[in-house]
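Data block below; observations after.
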Amino acid sequence: MLHESRGPRFAAAMIVAFLTAQGRAAWADCKNDNECKGDRICERGECVSPQTAPSAPAAPAPAAAPAAAVPPPATVQPQAGTRVLFTGRSDFVSVEPREQGGAQGECRIPCSLQLPPGWYTVRAGGDAEAIEVGTRTTTVKVTSGCTACYITGSVNLALSIPLFVGAGVLLDSRSTEGAGAGLAAAGGIVAASGLALLIVGIAVGGSKIEQDDFAKNDRPAISPKIALAPSGVALSF
């Protein structure tokens, strides 16, 4: 009884499946690319153009390489050495080392240079002088002498001599006493101006390159010591 009841049901199911498959086949446009016109292709029973056909998912783009690490900017180190200040007349000054390991430089006064400790030759104009650079800031002063005072004063004194001699000759004659007096007065003025210039030149002195002795090095000052000794009072340094 059970076998007989299943037969009709199974047959009905097969008929429904067959009809469904036939219906899908009847509604499909194509089964392969040859059934499509032109360059179209068959996709899922429909003729479509190649550009409209679903394409495979694009491969992911390769990951970008990590950027190289940028090194930090280099730190500017301060220039080693002792600061040397140059003051005085406005002149071009140059410094040359007198010992190994020194540095050289040049600038226009007023200015300063960084120099390692040691001995140096400083040149300004036609003058040159040795200086010592220690570990503390030091000052070098360049002064101008009055060379023109010496030259002009000497020339004026030399010119006053013939003026005095000529004045004496003219004063001997009564007819030329007036001219002699005028010549003597001119000689006196020239001689006085020459003497004044010489005095100024001596007071000013020549050009100099002088260093501040107090700050040129760190050597301790030597002070005398007084102590009692068997023979009396001893003085030491």
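Using the Cβ atoms and a cut-off under 14 Å, what net charge is assigned to the surroundings of Leu183, where Lys and Arg are +1 and Asp and Glu are -1?
Around Leu183, the surrounding residues sum to -2.
Could you give each residue of the range 115-129 its phi-based ³J(HN,Hα) in whole Hz, using Karplus coefficients 6.51, -1.76, 1.60 with θ = phi - 60°, and x for Gly or Pro?
Listing the rounded values in order: 10, x, x, x, 9, 9, 10, 9, 10, 9, x, x, 9, 9, 8 Hz.
Can you work out ³J(HN,Hα) from phi for every residue in the range 154-162, in order, using Karplus 6.51 cos²θ - 1.76 cosθ + 1.60 and θ = phi - 60°, giving whole Hz and x for Gly and Pro?
Calculated HN-Hα couplings, in order: 5, 5, 5, 5, 5, 6, 5, 4, x Hz.
When Ser160, Ser173 are ordered from fewest to most other Cβ atoms inside 10 Å of their Cβ, what list results?
Ascending number of Cβ neighbours within 10 Å: Ser173, Ser160.
When a footprinting reagent is the concern and you count Cβ atoms within 10 Å, what order do Val200, Val142, Val190 take, fewest first?
Neighbour counts put them in this order, fewest first: Val200, Val190, Val142.
Output the Cα-based Rg and Dmax of the range 96-151 in Å, rounding Rg to one decimal and Dmax to a whole number.
For the range 96-151, the Cα-based Rg and Dmax read 13.2, 43 Å.
Based on the Cα atoms of the range 147-205, what semi-axes does the equivalent ellipsoid have, where each is the square root of 5 times one gyration tensor eigenvalue, given in whole Å with the largest first?
Over the Cα atoms of the range 147-205, the ellipsoid semi-axes are 29, 8, 6 Å.
Per 0.36 nm of contour for each residue apart, how much would the distance between Glu96 and Ala80 grow if the chain were fully extended, relative to their Cα-Cα spacing?
Full extension of this stretch gives 4.1 nm more.
Determine the gain in length on full extension of the stretch Val165-Cys111; use 0.36 nm per residue of separation and subtract their C-alpha separation, reporting nm with one decimal.
14.1 nm
Since every read-out is calculated from the coordinates, none of them should be taken as a lab result. Note that the structure is a prediction, hence the values are computed from the model and not measured. Note that each Cβ is placed from the backbone with ideal geometry, even for glycine, and that neighbours are counted across all protein chains shown.
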